[in-house]
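This report concerns only the one structure given below.
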Amino acid sequence: MRSKIVAGNWKMNKTYQESKTLVKELKKAIKEIKLDNTRVIIAPTFTNLQKASKKTKDTVIEVAAQNMCAMESGAYTGEISASMIKSIHVDLVILGHSERRAYFGETDESLAKKVDTALKNNLEIIFCFGEVLEERKNGNHFKVVEEQIKKALFHLTSEDWKHIILAYEPVWAIGTGETASPEQAQEMHAFIRELVAERYISDVVEKVSILYGGSVKPANAKEIFSKEDVDGGLIGGAALNAEDFMALVKAI
Ligand code: PGA
(Lines give C-alpha, C1' and ligand atoms only; values in the text may rest on other atoms or scores of the structure.)
Protein backbone atom coordinates (compact mmCIF):
# COMPACT_ATOMS: atom_id res chain seq x y z
CA MET A 1 0.00 0.00 0.00
CA ARG A 2 1.25 3.48 -0.83
CA SER A 3 1.86 5.89 2.03
CA LYS A 4 -0.19 9.05 2.19
CA ILE A 5 2.09 12.00 2.79
CA VAL A 6 1.63 15.61 3.83
CA ALA A 7 4.93 17.46 3.58
CA GLY A 8 5.49 21.10 4.51
CA ASN A 9 8.18 22.99 2.66
CA TRP A 10 8.96 26.01 4.80
CA LYS A 11 11.25 27.51 2.15
CA MET A 12 13.25 30.56 3.41
CA ASN A 13 10.77 31.35 6.16
CA LYS A 14 10.95 31.28 9.97
CA THR A 15 13.77 32.45 12.20
CA TYR A 16 15.22 30.02 14.72
CA GLN A 17 12.74 31.18 17.37
CA GLU A 18 9.76 31.11 15.01
CA SER A 19 10.69 27.67 13.82
CA LYS A 20 10.89 26.39 17.41
CA THR A 21 7.41 27.79 18.10
CA LEU A 22 5.88 26.19 15.02
CA VAL A 23 7.44 22.80 15.77
CA LYS A 24 6.03 23.02 19.30
CA GLU A 25 2.55 23.85 17.99
CA LEU A 26 2.66 21.03 15.45
CA LYS A 27 3.77 18.51 18.06
CA LYS A 28 0.87 19.49 20.29
CA ALA A 29 -1.71 19.44 17.50
CA ILE A 30 -0.62 16.16 15.95
CA LYS A 31 -1.26 14.29 19.18
CA GLU A 32 -4.98 14.88 18.65
CA ILE A 33 -4.97 13.28 15.22
CA LYS A 34 -5.12 9.57 14.51
CA LEU A 35 -2.88 8.90 11.55
CA ASP A 36 -3.62 5.97 9.31
CA ASN A 37 -0.80 5.05 6.91
CA THR A 38 0.03 8.74 6.72
CA ARG A 39 3.42 10.39 6.97
CA VAL A 40 3.78 13.98 8.13
CA ILE A 41 6.97 15.73 7.07
CA ILE A 42 8.29 19.23 7.68
CA ALA A 43 11.22 20.87 5.90
CA PRO A 44 12.62 23.83 7.84
CA THR A 45 15.62 25.75 6.56
CA PHE A 46 19.15 24.53 7.37
CA THR A 47 19.73 26.70 10.44
CA ASN A 48 16.58 25.28 12.02
CA LEU A 49 16.94 21.71 10.91
CA GLN A 50 18.91 20.22 13.77
CA LYS A 51 16.62 21.71 16.40
CA ALA A 52 13.54 20.48 14.53
CA SER A 53 15.08 17.04 14.17
CA LYS A 54 15.83 16.85 17.91
CA LYS A 55 12.43 18.17 18.98
CA THR A 56 10.46 15.77 16.79
CA LYS A 57 12.58 12.73 17.60
CA ASP A 58 9.91 10.90 19.58
CA THR A 59 6.97 12.01 17.48
CA VAL A 60 5.44 10.92 14.18
CA ILE A 61 6.68 14.11 12.53
CA GLU A 62 9.57 13.55 10.13
CA VAL A 63 12.04 16.22 9.11
CA ALA A 64 13.48 16.90 5.67
CA ALA A 65 16.21 19.16 4.31
CA GLN A 66 15.23 21.49 1.45
CA ASN A 67 18.39 21.00 -0.59
CA MET A 68 21.76 19.29 -0.58
CA CYS A 69 25.10 19.51 -2.41
CA ALA A 70 25.86 16.93 -5.10
CA MET A 71 29.45 16.70 -3.89
CA GLU A 72 30.34 14.58 -0.87
CA SER A 73 32.67 17.07 0.89
CA GLY A 74 35.46 19.56 0.33
CA ALA A 75 35.98 23.09 -0.98
CA TYR A 76 32.39 24.08 -1.81
CA THR A 77 31.82 27.22 0.21
CA GLY A 78 28.30 27.64 1.52
CA GLU A 79 27.15 24.14 0.62
CA ILE A 80 25.74 21.39 2.86
CA SER A 81 26.52 17.73 2.25
CA ALA A 82 24.36 14.63 2.48
CA SER A 83 26.46 13.23 5.33
CA MET A 84 26.02 16.48 7.30
CA ILE A 85 22.27 16.13 6.93
CA LYS A 86 22.39 12.49 8.02
CA SER A 87 24.60 13.39 10.99
CA ILE A 88 21.76 15.41 12.55
CA HIS A 89 19.39 12.45 12.11
CA VAL A 90 17.55 13.83 9.12
CA ASP A 91 16.76 11.09 6.60
CA LEU A 92 14.90 13.02 3.91
CA VAL A 93 15.77 15.69 1.38
CA ILE A 94 13.71 17.69 -1.12
CA LEU A 95 15.43 17.88 -4.51
CA GLY A 96 14.52 19.62 -7.74
CA HIS A 97 12.10 22.21 -6.40
CA SER A 98 11.17 24.65 -9.16
CA GLU A 99 12.62 27.54 -7.14
CA ARG A 100 15.97 25.75 -7.08
CA ARG A 101 15.69 25.18 -10.82
CA ALA A 102 14.59 28.75 -11.64
CA TYR A 103 16.79 30.81 -9.30
CA PHE A 104 19.80 28.61 -8.64
CA GLY A 105 20.38 27.04 -12.03
CA GLU A 106 19.59 23.44 -11.15
CA THR A 107 19.05 21.23 -14.19
CA ASP A 108 17.85 17.68 -14.76
CA GLU A 109 21.50 16.70 -15.21
CA SER A 110 22.76 18.35 -12.02
CA LEU A 111 19.76 16.92 -10.17
CA ALA A 112 20.59 13.40 -11.35
CA LYS A 113 23.93 13.81 -9.55
CA LYS A 114 22.26 15.06 -6.39
CA VAL A 115 19.87 12.12 -6.51
CA ASP A 116 22.80 9.70 -6.70
CA THR A 117 24.62 11.36 -3.80
CA ALA A 118 21.49 11.40 -1.66
CA LEU A 119 20.81 7.71 -2.27
CA LYS A 120 24.43 6.79 -1.64
CA ASN A 121 24.06 8.43 1.77
CA ASN A 122 20.77 6.70 2.53
CA LEU A 123 18.62 9.79 2.22
CA GLU A 124 15.05 9.40 1.02
CA ILE A 125 14.20 11.94 -1.69
CA ILE A 126 11.14 14.05 -2.35
CA PHE A 127 11.79 14.78 -6.02
CA CYS A 128 9.96 17.79 -7.49
CA PHE A 129 9.19 18.58 -11.09
CA GLY A 130 6.49 20.34 -13.10
CA GLU A 131 5.83 22.55 -16.08
CA VAL A 132 5.70 26.36 -16.33
CA LEU A 133 2.58 28.15 -17.53
CA GLU A 134 3.85 28.60 -21.08
CA GLU A 135 4.44 24.86 -21.40
CA ARG A 136 0.96 24.05 -20.14
CA LYS A 137 -0.59 26.58 -22.53
CA ASN A 138 1.31 25.05 -25.43
CA GLY A 139 0.13 21.59 -24.45
CA ASN A 140 3.70 20.49 -23.70
CA HIS A 141 3.19 19.70 -20.01
CA PHE A 142 3.25 15.91 -20.36
CA LYS A 143 6.40 16.02 -22.46
CA VAL A 144 8.15 18.37 -20.03
CA VAL A 145 7.31 16.25 -17.00
CA GLU A 146 8.34 13.07 -18.83
CA GLU A 147 11.76 14.57 -19.64
CA GLN A 148 12.33 15.84 -16.11
CA ILE A 149 11.57 12.43 -14.60
CA LYS A 150 13.47 10.41 -17.19
CA LYS A 151 16.61 12.54 -17.06
CA ALA A 152 16.91 12.71 -13.30
CA LEU A 153 15.51 9.36 -12.18
CA PHE A 154 15.36 6.71 -14.90
CA HIS A 155 18.95 5.61 -14.42
CA LEU A 156 17.96 4.34 -10.97
CA THR A 157 17.31 0.71 -10.10
CA SER A 158 13.98 -0.60 -8.81
CA GLU A 159 15.64 -0.91 -5.41
CA ASP A 160 16.62 2.79 -5.49
CA TRP A 161 13.00 3.73 -6.16
CA LYS A 162 12.05 2.55 -2.69
CA HIS A 163 13.61 5.81 -1.52
CA ILE A 164 11.88 8.11 -3.99
CA ILE A 165 8.76 10.18 -3.41
CA LEU A 166 7.56 12.12 -6.45
CA ALA A 167 6.09 15.62 -6.20
CA TYR A 168 4.30 17.08 -9.20
CA GLU A 169 4.30 20.83 -8.81
CA PRO A 170 3.05 22.84 -11.76
CA VAL A 171 5.11 26.03 -11.49
CA TRP A 172 2.13 28.22 -12.39
CA ALA A 173 0.33 27.01 -9.27
CA ILE A 174 3.13 27.55 -6.75
CA GLY A 175 2.52 30.45 -4.39
CA THR A 176 0.10 31.98 -6.88
CA GLY A 177 -3.19 31.01 -5.28
CA GLU A 178 -4.01 29.24 -8.52
CA THR A 179 -4.34 25.49 -8.04
CA ALA A 180 -4.45 22.80 -10.65
CA SER A 181 -7.96 21.39 -10.66
CA PRO A 182 -8.30 17.97 -9.02
CA GLU A 183 -8.88 16.59 -12.53
CA GLN A 184 -5.70 18.19 -13.89
CA ALA A 185 -3.74 16.80 -10.95
CA GLN A 186 -5.22 13.32 -11.36
CA GLU A 187 -4.60 13.36 -15.12
CA MET A 188 -0.91 14.19 -14.63
CA HIS A 189 -0.42 11.78 -11.73
CA ALA A 190 -1.94 8.93 -13.74
CA PHE A 191 0.37 9.84 -16.63
CA ILE A 192 3.39 9.76 -14.28
CA ARG A 193 2.42 6.37 -12.86
CA GLU A 194 2.04 5.02 -16.38
CA LEU A 195 5.44 6.42 -17.31
CA VAL A 196 7.05 4.70 -14.34
CA ALA A 197 5.18 1.51 -15.26
CA GLU A 198 6.74 1.46 -18.72
CA ARG A 199 10.23 1.42 -17.21
CA TYR A 200 9.93 -0.39 -13.87
CA ILE A 201 8.43 -3.48 -12.26
CA SER A 202 4.92 -3.25 -10.84
CA ASP A 203 6.19 -3.15 -7.26
CA VAL A 204 7.80 0.25 -7.93
CA VAL A 205 4.70 1.60 -9.63
CA GLU A 206 2.37 0.49 -6.86
CA LYS A 207 4.53 1.78 -4.03
CA VAL A 208 5.75 5.16 -5.25
CA SER A 209 3.84 8.02 -3.63
CA ILE A 210 3.06 10.93 -5.94
CA LEU A 211 2.37 14.22 -4.19
CA TYR A 212 0.71 17.27 -5.66
CA GLY A 213 2.05 20.73 -4.83
CA GLY A 214 0.89 24.22 -5.71
CA SER A 215 -1.43 26.38 -3.58
CA VAL A 216 -2.89 23.47 -1.63
CA LYS A 217 -4.85 24.88 1.28
CA PRO A 218 -7.52 23.68 3.71
CA ALA A 219 -10.28 24.83 1.33
CA ASN A 220 -9.18 22.70 -1.64
CA ALA A 221 -7.14 19.88 -0.10
CA LYS A 222 -9.86 17.31 0.39
CA GLU A 223 -10.92 17.34 -3.22
CA ILE A 224 -7.36 17.11 -4.54
CA PHE A 225 -6.31 14.41 -2.06
CA SER A 226 -9.39 12.34 -2.91
CA LYS A 227 -8.11 11.63 -6.41
CA GLU A 228 -6.94 8.09 -6.98
CA ASP A 229 -3.34 8.81 -7.97
CA VAL A 230 -2.78 11.76 -5.64
CA ASP A 231 -1.06 10.38 -2.55
CA GLY A 232 -0.72 13.66 -0.68
CA GLY A 233 0.71 17.10 -0.97
CA LEU A 234 3.87 19.17 -0.82
CA ILE A 235 2.73 22.34 0.86
CA GLY A 236 4.35 25.78 0.90
CA GLY A 237 2.35 28.72 2.26
CA ALA A 238 -0.21 26.67 4.18
CA ALA A 239 2.57 24.81 5.99
CA LEU A 240 3.70 27.95 7.78
CA ASN A 241 1.02 27.89 10.43
CA ALA A 242 0.03 24.95 12.56
CA GLU A 243 -3.71 25.27 12.14
CA ASP A 244 -3.68 25.22 8.34
CA PHE A 245 -1.09 22.45 8.14
CA MET A 246 -3.04 20.27 10.55
CA ALA A 247 -6.20 20.89 8.54
CA LEU A 248 -4.34 19.42 5.57
CA VAL A 249 -3.20 16.42 7.61
CA LYS A 250 -6.82 15.88 8.62
CA ALA A 251 -7.96 16.28 5.02
CA ILE A 252 -5.84 13.34 3.97
P1 PGA B 1 2.62 26.72 -2.22
O2 PGA B 1 4.06 26.07 -2.48
O3 PGA B 1 1.83 25.71 -1.45
O4 PGA B 1 2.91 27.96 -1.42
O5 PGA B 1 2.04 27.01 -3.57
C6 PGA B 1 4.18 24.72 -2.81
C7 PGA B 1 5.64 24.37 -2.99
O8 PGA B 1 6.39 25.17 -3.55
O9 PGA B 1 6.08 23.27 -2.58
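The values are calculated or read from the model by the stated rules, or taken from the named source; none is laboratory data. Since the model is a prediction, treat every value here as computed from it, not as a measurement. We place every Cβ from the backbone using ideal geometry, glycine too, and count neighbours over all the protein chains shown. Just the protein is used for accessible areas: all its heavy atoms, side chains included, with ligands, DNA and RNA removed. Shrake-Rupley method; radii C 1.70, N 1.55, O 1.52, S 1.80 Å.
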Note: among Glu178, Glu79, Glu106, just one is surrounded by 16 or more Cβ atoms within 10 Å (Cβ to Cβ), among the acidic types (Asp, Glu) and assigned to a loop (DSSP other than H, G, I, E, B), namely Glu106
Would you check if Glu187 is more than 20 Å from Met1 (Cα to Cα), without any contact (Cβ under 8 Å) to a residue 12 or more places away in the chain and either away from the ligand (no atom under 15 Å from the Cβ) or not hydrophobic (A, V, I, L, M, F, W, C) (or both)? yes
Within the range 142-171, restricting to residues that are within 16 Å of the ligand (Cβ to nearest atom) and over 21 Å from Pro218 (Cβ atoms), the one that is modelled with the lowest pLDDT is Val171
Scan the range 189-203 and tell me whether some residue there is within 30 Å of Leu22 (Cα to Cα) and either surrounded by 15 or more Cβ atoms within 10 Å (Cβ to Cβ) or touching a Phe, Trp or Tyr at 6+ places or on another chain (Cβ under 8 Å) (or both). no
From the option list Glu25, Glu32, single residue qualifying as assigned to a helix (DSSP H, G or I) and of a type in the set (Asp, Glu) is Glu25
Among residues of the range 224-238 being within 10 Å of the ligand (Cβ to nearest atom) and either modelled with pLDDT under 95 or under 13 Å from Ile5 (Cα atoms) (or both), the residue surrounded by the most Cβ atoms within 10 Å (Cβ to Cβ) is Gly233
Across (1) part of a loop (DSSP other than H, G, I, E, B); (2) more than 23 Å from Ile33 (Cα to Cα), Gln184 clears everything bar (1)
Original post:
Has the range 119-132 got any residue that is in a helix (DSSP H, G or I), in contact (Cβ under 8 Å) with a residue 24 or more places away in the chain, open to solvent by 10 Å² or more (accessible area, probe 1.4 Å) and closer than 25 Å to Ser73 by Cα?
Top reply: yes
Residue check, Glu146 within 17 Å of the chain's Cα centre (by Cα) and of a type in the set (D, E, K, R)
no
Here the residues within the range 45-67 that are assigned to a strand (DSSP E or B) and acidic (Asp, Glu) are Glu62
Checked against (1) open to solvent by 10 Å² or more (accessible area, probe 1.4 Å); (2) among the aliphatic types (A, V, I, L, M); (3) within 16 Å of the ligand (Cβ to nearest atom), Ala221 satisfies every condition except (1)
Flagged pairs (Cβ under 9 angstrom, 6 or more apart or on separate chains; first in the range 10-28, aromatic (Phe, Trp, Tyr); second in a helix (DSSP H, G or I)) are Trp10/Ser19; Trp10/Leu22; Trp10/Asn48; Trp10/Ala239; Tyr16/Thr47; Tyr16/Asn48; Tyr16/Lys51
